[in-house]
Amino acid sequence: MNFKDLKKYCSENNVELVAVSKTRTEKEIRKLYDQGQRIFGENRVQEWLEKKELLPNDIRWHIIGHLQTNKVKYIIPDVELIHSIDSVKLLEKVNEISLKKNVVTNILLQYKVAQEETKFGIDPENDSQIIDLICELKNVRILGLMAMGTFTNHEEINRREFQNLNLIFERLKKTTFYNNPDFKIKSMGMSGDFELAIANGSNMVRVGSLLFKN
């Protein structure tokens, strides 16, 4: 599936496409930009800092990789959305830096629904502390949830994981965020599983290799 077809597929399903541009060159990113793509996702802060100086300033940058607290000061307020808020410590740092810079930063809570030890995320069974904290912080705006599926060829495993994130989303939507119209993003699905993710509730996908191989 090329960029044009994927963009159409996402549009037909009311899904936002994040083009994952980590490790990609300025030339590769500009090729997608020239075709109309505006949202790009980066993993590493240093790499993003270098790229944003070279590329058009109307690109809407998302930070999608694991974020260290000592890097937060470099990305606020220049990123549109941080996908990877996975701890109380990181949440507090984002709020602290946002307060200092007098901005409100858009975030997603990253939940761990995969079984792989290498995956980061909030434990769905032990999220009360971070949920309670969110209600107190004034300089972050939570727009939804993010998750990564297990790297596997077994579709049923990923289906259960995506459905699990949906259940977490619905629980929070009915409780903590019942009066928050901004809480609506479910960011899940990558190059190998985005169709499955969309079929199971995703409305934002993070696709890299599938786009840049064309």
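Just a few scattered comments:
- Footprinting exposure proxy ranking of Tyr9, Tyr178, fewest other C-beta atoms within 10 angstrom first, gives Tyr178, Tyr9.
- Here the simple spin-label model places points 7 Å from the Cα toward Cβ, and for Ser128 and Asp182 these points are separated by 2.6 nm.
- Under 20 Å from Lys100, Cα to Cα: aspartates and glutamates that are on another chain or at least 8 residues apart: Asp78, Glu80, Glu92, Glu136
- J(HN,Hα) series, the range 131-144, from Karplus relation 6.51 cos²θ - 1.76 cosθ + 1.60, nearest Hz, glycine and proline x: 5, 4, 5, 4, 5, 9, 8, 9, 10, 10, 10, 8, 9, x
- Footprinting exposure proxy ranking of Glu47, Glu156, fewest other C-beta atoms within 10 angstrom first, gives Glu156, Glu47.
- As a rough footprinting exposure proxy, the listed residues Asp193, Asp123, Asp78 were ranked by other beta carbons within 10 Å of their own, and the order from fewest upward is Asp123, Asp78, Asp193.
- Filter on Lys4/Lys71; Lys4/Lys173; Lys52/Lys213 - keep pairs with C-alpha separation over 30 Å: Lys4/Lys71; Lys4/Lys173
- For Gly144, the residues whose modelled amide H falls within less than 5 Å of its own, excluding neighbours fewer than 5 places apart on the same chain, are Leu109, Lys184, Ile185.
- In summary, the lysines within cross-link reach of Lys174, defined as a Cα separation below 20 angstrom excluding same-chain residues under 8 places away, comprise Lys184, Lys186.
Rule-based calculations on the coordinates, nothing more; no lab input. Predicted, not measured: the structure shown is a model, and the values here were computed from it. Because the Cβ atoms are built from the backbone with ideal geometry, glycine has one as well, and the counts that use them run over all protein chains shown.
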